[in-house]
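Please read the structure below before turning to the comments.
The values are calculated or read from the model by the stated rules, or taken from the named source; none is laboratory data. Being a predicted model, the structure only gives us computed values, none of them experimental. We place every Cβ from the backbone using ideal geometry, glycine too, and count neighbours over all the protein chains shown. Heads up: the accessible areas ignore ligands, DNA and RNA and are worked out on the full protein's heavy atoms, side chains in. Shrake-Rupley method; radii C 1.70, N 1.55, O 1.52, S 1.80 Å.
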Amino acid sequence: DRLKDSKVYMRAWFDYTPLDDKATPCQEAGLPFKRGDILQVVTQDDPTWWQAKRVGDSNLRAGLIPSKQFQERPNVSGLRRSFRLSRKDRQGSSGEGFEPGDQEFLTYEEVARYQQRSNERPRLVVLIGSLGARINELKQRVIADNPHRYAVAVPHTTRPKKPHEKDGVEYHFVTKQQFDADVLNNKFIEHGEYKENQYGTSIEAVRSVQAKNKMCIVDVQPEVSRRIRNAEYHQEDRLRQKDEDLQEMRQSAIQIDQQYGHLVDRVLIKEDSASACAELRGVLERLERESFWVPLSWVR
Ligand code: 5GP
């Protein structure tokens, strides 16, 4: 009942230019769109060509778009293939980051509008980006400004407790044995090693922040966002931060976009700390008020 209507909406994961498409029965009737656009699919009667409108478009006439089946078909002409986002293109040459069972081509994803209800637990917000420590700093600043609304999940660690630290405050201090068992039992939404110690964020720690009616903010390695999105955790929205100044960071941002762009809901372009902070604050506030396009499976 959270679906506002029964219409079919798809998020497009590729750019489409009908004028470049030799396969279309009628170029003039085509509907151009860009990766990330939300399309309302009006009819799927034809297996090859759907009729769709772009959400937010003032043009009320539906146009032709290639159907999902057609776009994903393996043996069509070379031209068609160039429209597709191949697995190789998305992951670069490294060959990492893809798990078995991943869709080889992302074409369309069925989505629905989702509006948070006031009696639902606050969202988990996952930050990924190319700036590492600076994302953490951004997160800390936003929380420090508004500690009654936002909080971090208290992580687990196997490193020794420092004298000023308290168990359950800075970290949950656990033995290596306990940590490994928790990993095996899927208690963590993410974990990693740093200077030979293990660190991780547990589902439980996220839940306990949400139980206090606060939004939980975590920052993770980009590859983790895939797991979080596919796990029980589907209340999150992701932000990506990028820095145009440094070539390396730009490269990293591009790579994150190619590999993980489809998992990202909001992109934050960092110009300086203060404006990035203000922007993140704005996004978090909108998350509570506005509705969002989410995969249909999340609301069903
Ligand atoms: P420290 O031991 O100085 O408190 O933390 C050192 C480093 O551990 C942090 O800079 C960060 O890289 C890593 N770390 C801290 N908390 C977590 C966590 O929840 N998950 C992961 N993967 N790493 C963490």
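Of all residues in segment 173-197, those that are within 11 Å of the ligand (Cβ to nearest atom) and of a type in the set (S, T, N, Q) total 1. Here the condition is being surrounded by 14 or more Cβ atoms within 10 Å (Cβ to Cβ) and aliphatic (A, V, I, L, M); of V169, V174, it holds for V174 alone.
Only one of the numbered conditions (1) more than 10 Å from the ligand (Cβ to nearest atom); (2) more than 25 Å from P122 (Cα to Cα); (3) in a loop (DSSP other than H, G, I, E, B) is not met by E165, and that is (1).
So that you can scan it fast, the table gives a plain yes or no per residue for (1) more than 15 Å from R113 (Cβ to Cβ); (2) out of contact with any Leu (no Cβ under 8 Å at 6 or more places or on another chain); (3) open to solvent by 30 Å² or more (accessible area, probe 1.4 Å):
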{"residue": "K7", "(1), (2), (3)": "no, yes, yes"}
{"residue": "T24", "(1), (2), (3)": "yes, no, no"}
{"residue": "Q27", "(1), (2), (3)": "yes, no, yes"}
{"residue": "L31", "(1), (2), (3)": "yes, no, no"}
{"residue": "S58", "(1), (2), (3)": "yes, yes, yes"}
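Among the residues of segment 172-202, those that are farther than 21 Å from I128 by Cα and either touching a helix residue (DSSP H, G or I) at 6+ places or on another chain (Cβ under 6 Å) or assigned to a strand (DSSP E or B) (or both) comprise H172, F173, N197.
Checked across segment 204-225, the condition of being part of a helix (DSSP H, G or I), closer than 29 Å to F173 by Cβ, at pLDDT below 85 and β-branched (V, I, T) holds for at least one residue. Each residue in segment 19-74 was checked for being acidic (D, E) and in a loop (DSSP other than H, G, I, E, B), and 5 pass.
Answer with yes or no whether Q251 is under 15 Å from the mean Cα position of the chain (by Cα), at pLDDT below 85 and not charged (D, E, K, R). Against the criterion (under 15 Å from the mean Cα position of the chain (by Cα), at pLDDT below 85 and not charged (D, E, K, R)), Q251 does not qualify.
The listed residues are D46, D15, and the only one of them that is over 21 Å from D265 (Cα atoms) and among the charged types (D, E, K, R) turns out to be D46. Within segment 127-157, the set of residues being within 10 Å of the ligand (Cβ to nearest atom), open to solvent by 30 Å² or more (accessible area, probe 1.4 Å) and modelled with pLDDT of 90 or more comprises V152, V154, P155.
Checking the structure you have, find out if any residue of segment 198-211 is surrounded by fewer than 15 Cβ atoms within 10 Å (Cβ to Cβ), within 13 Å of the ligand (Cβ to nearest atom) and under 30 Å from I254 (Cα atoms). For segment 198-211, residues surrounded by fewer than 15 Cβ atoms within 10 Å (Cβ to Cβ), within 13 Å of the ligand (Cβ to nearest atom) and under 30 Å from I254 (Cα atoms): absent. In the condition set (1) more than 20 Å from the chain's Cα centre (by Cα); (2) open to solvent by 30 Å² or more (accessible area, probe 1.4 Å); (3) not aliphatic (A, V, I, L, M), R121 is compliant with all but (1).
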